[in-house]
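A quick write-up on the structure given underneath.
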Amino acid sequence: MAGNKKVVVLLAAAIFSAVVGICSAATITVGGDTTGWTIPPSQSFYTTWASKQKFKVGDSLVFPFQAGMHTVAEVSKAAYDSCSTANPLSAVLATAPANITIRTAGTHYYICTVTGHCSNGQKLAIVAAASSAPAPAPKSSKPKKAASPAPAPSTTAAAPASTPTVPAAKAPAGSTPGTAAPPSGNFAAPSAAGFGFLGLISVAAAAALLGV
C-alpha cells in the first residue's frame, strides 16, 4: 500500500511539473547553442531552425553573438523581405547577448542591421502563439435582492352607511312645552264671561225658592 502511494505521489509531481513547464514562459536561444546569432552557413538556416521551435507570448528570445560584430532589431515584413534598416520597430540592440521578450501573438521579424549581414541570411521570422496560461476566473456577481412583497390588502371592514335621522314631530303652534292642549268642540272650557252670567241666574233662582 505504501509503495502504491509513493508511485501516485511521484506521478502527480511529474504531471504538475509538466503543466507548470507548459504554462510558464520559455527562454529560447536563437540558432541553438552551437550557431547562435551570426551569418549562417545557408540562407535558409534560421527559417529551418524556427520551423522546429514553438514560440508563445511571454517567451524570451536570446540572441548570442560576438560583441561589436552583430546587432538585432525587430522590423516589419517589408523591411525583413528587403533587408531595410531604415525604420526598425524596436531599438537596435548591439550588446550581447540581446534579449527580446515576445509581447504579442502573431508573426515577428528580426534582422541584423550590420550592412550585408541580413542579405546573407542573418534574419529570423517566427510565429508566436497566445500564452497558454489559464485565464483568471470571472468574479462572482452579487446576488440580486429579492423583490419586496406587495402589501396585503387591508382587512378593516368599511364603516356602515350612516342611518338617516328622522326629524322629531313638531308640537302644535302656540302650545307651551309640557302643557296639554285644551279639548276642542263641546268639551271646550267656558269663558270667564259665560261663567259669571250663569252664576247670577243660579243666585236669583235660589233666592226665589227661599222667598227672599
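Bear in mind that the values in this text are calculations on the coordinates, not laboratory data. Note that the structure is predicted; figures quoted are calculated from it, not measured. Counting neighbours? That spans all protein chains shown, and the Cβs are built from the backbone with ideal geometry, glycine included.
Overview of results
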| read-out | value |
| --- | --- |
| Approximate spin-label separation A78-K54, in nm, with each point projected 7 Å along Cα-to-Cβ | 3.5 |
| Three principal axis lengths of segment 25-129 [C-alpha, angstrom, descending] | 32, 29, 25 |
| Relative contact order (%) - segment 25-129, alpha-carbon pairs under 8 angstrom, separation at least six | 34 |
| Förster-model FRET efficiency, 35 Å R0, A130 and M69, C-beta, rounded to 0.05 | 0.50 |
| Footprinting exposure proxy for D81, D59 (fewest neighbouring C-beta atoms within 10 Å first) | D81, D59 |
| Cα-projected label distance for S119 with A25, points at 7 Å along beta-carbon direction, nm | 3.6 |
